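**Student:** Before I ask anything, let me first share the structure, which is written out below as structure tokens.
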Amino acid sequence: MSVGSASAVTALSPPQVTKEIARQSANYHPSIWGDRFITYTCDDKVIHAWHEEAEVLKEKVRKMFTDIDFAEKLNLIDSVQRLGVAYHFEAEIEEALEQNFSAFLDHFYRDDDLQRVSLLFRLLRQHGYNVSCGEFQIRQKN
């Protein structure tokens with residue numbers, strides 16, 4: 001009985017394969033850049049200077065939010081979002097849209113510049129303000 005059970009166990013276990021798979025090399029040409037960028041190190045003073053310059057530029061943009069008129073503010077918000085740096089100015093953008101929401105709606109109905117009206121509509125909708133698209137369609141018919 002022990003002989004039969006031993007043969008049953010070996011019959012059920014998978015055979016051990018020790019064959020290695022040989023993979024072909026792609027033989028890529030060496031990079032013309034070498035390993036310059038892999039081993040790049042930057043001085044802490046340079047990084048600190050970049051951070052300081054970035055903070056100065058952020059403050060200039062924050063000041064621009066307070067110094068410009070309605071149409072320029074819309075374009076500034078749009079530009080900051082398209083550049084992908086709006087996360088630095090979320091508070092300023094929300095404040096500008098919140099403080100001037102009623103003034104924005106007045107411009108929405110009175111403004112003849114379709115580009116500015118559509119930009120206003122998109123920005124308000126993106127930031128969660130309830131602006132009906134039906135109002136926008138009525139404006140397009142006129």
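**Student:** Scan the range 64-75 and tell me whether some residue there is at pLDDT below 95, β-branched (Val, Ile, Thr) and under 26 Å from GLY128 (Cα atoms). Give the derivation first.
**Tutor:** We begin by selecting, within the range 64-75, every residue at pLDDT below 95; these are 64-75.
Cutting the leftovers down to β-branched (Val, Ile, Thr) gives us 66, 68.
Among the residues that remain, those that are also under 26 Å from GLY128 (Cα atoms) are: 66, 68.
Yes, the conditions are met somewhere in the range 64-75.
**Student:** Another one. Surrounded by 10 or more Cβ atoms within 10 Å (Cβ to Cβ), aromatic (Phe, Trp, Tyr) and at pLDDT below 95: is that true of PHE89 in this structure?
**Tutor:** Numbers: surrounded by 10 or more Cβ atoms within 10 Å (Cβ to Cβ): yes; aromatic (Phe, Trp, Tyr): yes; at pLDDT below 95: yes.
Considered against the rule, which asks whether it is surrounded by 10 or more Cβ atoms within 10 Å (Cβ to Cβ), aromatic (Phe, Trp, Tyr) and at pLDDT below 95, PHE89 comes out as yes.
The values are calculated or read from the model by the stated rules, or taken from the named source; none is laboratory data. Keep in mind the model is a prediction, meaning the values are calculated, not measured. Glycine also receives a Cβ, built like all others from the backbone with ideal geometry; neighbour counts cover every protein chain displayed.
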